[in-house]
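The values are calculated or read from the model by the stated rules, or taken from the named source; none is laboratory data. These numbers come from a predicted model, not from an experiment. Here the Cβ positions follow ideal geometry from the backbone for every residue, glycine too, while neighbour counts run over all protein chains shown. Just the protein is used for accessible areas: all its heavy atoms, side chains included, with ligands, DNA and RNA removed. Shrake-Rupley method; radii C 1.70, N 1.55, O 1.52, S 1.80 Å.
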Amino acid sequence: MPVLVITGTGTEVGKTVTTAAVAAAAVAAGRSVAVLKAAQTGVTPHELGDAEEVARLAGTVTTAEVARYPEPLAPATAARRAGRPPVRPHEIADAAAKLAAEHDLVLVEGAGGLLVRFDEAGGTLADAAELMAAPVLVVASAGLGTLNTTELTARELRGRRLDLLGVVIGSWPEAPDLASRCNVADLPEVAGSPLLGAVPTGAGALAPADFRVAAPGWLAPRLFGTWDAEGFRGRVAP
């Protein structure tokens, strides 16, 4: 798995912190890691972007962006409004390939959901994943409404014959409600792929050293961690 694409079921589901957790767990397992942000929006040239936030939390990782745009919009819209060239799927694939030549693992973080448009032709992160023949990790929210968005994302991946590696809950609440606890069992059913972790709410606010120690415990072995899905399900089952 030299390249792993990380997408969300939407915005604000914990995608960047989950990417940081995977990076931290991989580094702890002895892997060299690069993080590629496909398109950074809502950040000025002098501000830190998502890739830098991953590095702050995860430690020694290489960071790169294909492009960044100042307004917090879909990449295609942000590029058009900024009067700048959009990001094409092949540019994401090319940048990931260059990083993969020098690293054990490249994490490609998308912008928003799987089908957010990157250019005027309708190119998406899914198109880039196809070009890279890379597996996709889906970050989902915990509560009510997540089953629909997760299943829609999984169906699109299956329709494109892309490998859905699994689902990670990007922000697991300290006091989960009934829907969240039921979704632990239901998410892998609707996704047709295993639940591979649950990152606690507020994890991104931890001190980096604490984050790096804790991250492997939030993720399953397929993501370089020690998290046990069955044990977790047993603890939170309604």
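Suppose every K and R has +1 on its Cβ and every D and E has -1 on its Cβ; what is the size of the dipole of the chain about the Cα centre, in Debye to the nearest 20?
Values: 20 positive and 26 negative charges, 29 e Å.
Rounded to the nearest 20 debye, it is 140 debye.
For the peptides 106-112, 220-226, 123-129, what is the packing order when you average, over each peptide's residues, the other Cβ atoms within 10 Å and list the highest mean first?
Values: 106-112: 27.0, 220-226: 18.3, 123-129: 24.4.
Final packing ranking: 106-112, 123-129, 220-226.
Could you give the dipole magnitude of the range 87-191 about its Cα centre, charging the beta-carbon of Lys and Arg +1 and that of Asp and Glu -1, in debye to the nearest 20?
Details: 8 positive and 16 negative charges, 45 e Å.
I would put it at about 220 debye.
Calculate, in nm to one decimal, what Asp104 and Ala214 gain on full extension: separation in residues at 0.36 nm each, minus their alpha carbon distance.
Numbers: separation 110, 0.36 × 110 = 39.60 nm, distance 2.17 nm.
Contour length minus the Cα-Cα distance gives 37.4 nm.
Hey, can you rank 39-46, 89-96 by average C-beta count inside 10 Å, highest first? Could you put the intermediate results ahead of the total?
Values: 39-46: 15.9, 89-96: 21.0.
Final packing ranking: 89-96, 39-46.
Once Rh is set to the Kirkwood radius over Cα pairs, what Stokes-Einstein translational diffusion coefficient, in µm²/s, holds for the range 71-169 at a temperature of 4 °C and a viscosity of 1.567 mPa s? Intermediate values should be presented prior to the final figure.
Working: Rh = 14.5 Å.
D, rounded to a whole number, is 89 µm²/s.
Which ³J(HN,Hα) values, rounded to whole Hz and listed in residue order, are derived for the range 217-232 from phi using the Karplus coefficients 6.51, -1.76 and 1.60 in 6.51 cos²θ - 1.76 cosθ + 1.60 with θ = phi - 60°, glycine and proline given as x?
x, 9, 10, 6, x, 5, 10, 6, x, 10, 5, 10, 4, 5, x, 5
With all protein chains present, how much of the accessible area of the range 138-193 (probe radius 1.4 Å) comes from carbon and sulfur, to the nearest whole percent? Numbers along the way, then the final one.
Details: 1300 of 2600 Å².
For the range 138-193, the apolar C and S fraction of the accessible surface comes to 50 percent.
Under the Karplus relation 6.51 cos²θ - 1.76 cosθ + 1.60, θ = phi - 60°, what is the ordered set of whole-Hz ³J(HN,Hα) values for the range 9-22, x standing for Gly and Pro?
Ordered by residue, 3J(HN,Hα) equals 7, x, 8, 6, 9, x, 5, 5, 5, 5, 4, 5, 5, 4 Hz.
Using +1 on the beta carbon of Lys and Arg, -1 on that of Asp and Glu, and nothing else charged, what's the dipole of the range 7-118 about the Cα centre, debye to 20?
Values: 11 positive and 12 negative charges, 62 e Å.
With Lys and Arg at +1 and Asp and Glu at -1, about 300 debye.
Given a Förster distance of 30 Å, report the FRET efficiency between Arg161 and Thr226 from their Cβ-Cβ distance, rounded to the nearest 0.05. Mind dumping the intermediate values first?
On the way: r = 31 Å, r/R0 = 1.04.
Efficiency for this residue pair is about 0.45.
Which percent of Cα-Cα pairs in the range 1-52 sits in each 10 Å bin, short to long?
21, 53, 24, 2
Let me have the relative contact order for the range 166-236, percent, based on Cα pairs under 8 Å that are six or more residues apart. Mind dumping the intermediate values first?
Values: 87 pairs, mean separation 22.3, N = 71.
RCO, the range 166-236: 31 percent.
Given bins 10 angstrom wide, list per bin the percent of all Cα-Cα distances in the range 172-238, short to long.
Each 10 Å bin holds this share of Cα pairs: 20, 50, 27, 3.
Just from the alpha-carbon atoms, what are the Rg and Dmax of the range 30-98 in angstroms?
That works out to 12.6, 42 Å for Rg and Dmax.
Provide the per residue accessible area, probe 1.4 Å, for the range 136-214, rounded to a whole number of square angstrom.
Values: 3530 Å² over 79 residues.
Accessible area per residue: 45 Å².
Amide H of Val168 versus every other amide H placed in the peptide plane: which residues, excluding those fewer than 5 positions away on the same chain, fall under 5 Å?
Sorted by chain and number, the residues that satisfy this are Val138, Val139, Ala140, Leu196.
Given an 8 Å cut-off on Cα distances and at least 6 residues of separation, report the relative contact order of the range 78-201 as a percent. Write out the running numbers ahead of the final one.
Details: 166 pairs, mean separation 26.6, N = 124.
21 percent.
So if I take the centroid of the Cα atoms in the range 84-112 and the same for the range 1-75, what is the distance between those two points in Å?
If we compute the Cα centre of each part, the gap is 11 Å.
Taking all pairs of distinct Cα atoms, average 1/r, flip it, and tell me the Kirkwood hydrodynamic radius of the range 121-238 in Å to one decimal place.
Numbers: mean 1/r = 0.0667 Å⁻¹.
After inverting the pairwise mean of 1/r, the radius is 15.0 Å.
Count neighbours as other Cβ atoms within 10 Å of each site's Cβ, and list the GluC sites (Glu not before Pro) in the range 129-237 that are DSSP loop with at most 12 such neighbours. It would help to have the intermediate numbers written out before the result.
Details: sites: Glu130, Glu151, Glu156, Glu174, Glu189, Glu230; in loops: Glu174.
Qualifying residues, ordered by number: Glu174.
Please report the base-10 log of the normalised intensity I(q)/I(0) for the chain, using a Debye sum with one equal scatterer per alpha carbon and no solvent, at each q in 0.12, 0.13, 0.14, 0.18 (1/Å).
The Debye formula, applied to the Cα set alone, gives -0.61, -0.72, -0.84, -1.40.
Starting at the first residue of the range 119-125, write each ³J(HN,Hα) from the Karplus equation 6.51 cos²θ - 1.76 cosθ + 1.60 with θ = phi - 60°, in whole Hz, x for Gly and Pro.
Here the 3J(HN,Hα) series is 9, 5, 8, x, x, 10, 5 Hz.
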